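Any read-out appearing in this document is the output of simple, stated calculations on the displayed coordinates, not a laboratory observation. Note that the structure is a prediction, hence the values are computed from the model and not measured. Methodologically, a virtual Cβ is constructed for each residue, glycine included, from the backbone with ideal geometry; neighbour enumeration extends over all protein chains shown.
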Amino acid sequence: TYVIAEPCVDLLDKACIEECPVDCIYEGNRKLYIHPDECVDCGACEPVCPVEAIFYEDDVPEEWAPYTKAEVDFFDEL
Ligand code: SF4
């Protein structure tokens, strides 16, 4: 799955939502979230993010590692 990290917080540009072929990017209060079970790893969202907030799960920078878990937790809590 792909993960949306810190640069999205309070920005929510939403260009990624337009690109996602399976509509698995959802809006939270302060950022967007990618549903880990619905994402098909196509990578279409990554280059359109204006702030480079989107990473393949294995490529999330270490300082933003908590965002990988936050993505899962967001959907668990729905
Ligand atoms: Fe959607 Fe593809 Fe991005 Fe996954 S990688 S969130 S399927 S656009």
message: Consider the range 52-69. How many of its residues are within 15 Å of the ligand (Cβ to nearest atom) and either without any contact (Cβ under 8 Å) to a residue 60 or more places away in the chain or more than 10 Å from V3 (Cα to Cα) (or both)?
response: 9
- request: Being buried (at least 18 other Cβ atoms within 10 Å of the Cβ) and over 13 Å from Y2 (Cα atoms) is the filter here, so list the residues in the range 27-51 that pass it.
  value: K31
message: Out of D10, D73, I need the residue that is assigned to a loop (DSSP other than H, G, I, E, B) and either surrounded by fewer than 16 Cβ atoms within 10 Å (Cβ to Cβ) or on the phi < 0 side of the Ramachandran plot (or both). Which one?
response: D10
- request: Check off (1) in contact with a Phe, Trp or Tyr (Cβ under 9 Å, 6 or more places away or on another chain); (2) within 11 Å of the ligand (Cβ to nearest atom) for E19 and give me the number that stays unchecked.
  value: (1)
- prompt: Which condition breaks for E18 when tested against (1) surrounded by fewer than 16 Cβ atoms within 10 Å (Cβ to Cβ); (2) assigned to a helix (DSSP H, G or I); (3) touching a residue at least 40 places away in the same chain (Cβ under 8 Å)?
  reply: (3)
query: Is there a residue in the range 33-48 that is more than 8 Å from the ligand (Cβ to nearest atom) and of a type in the set (G, A, S)?
result: no
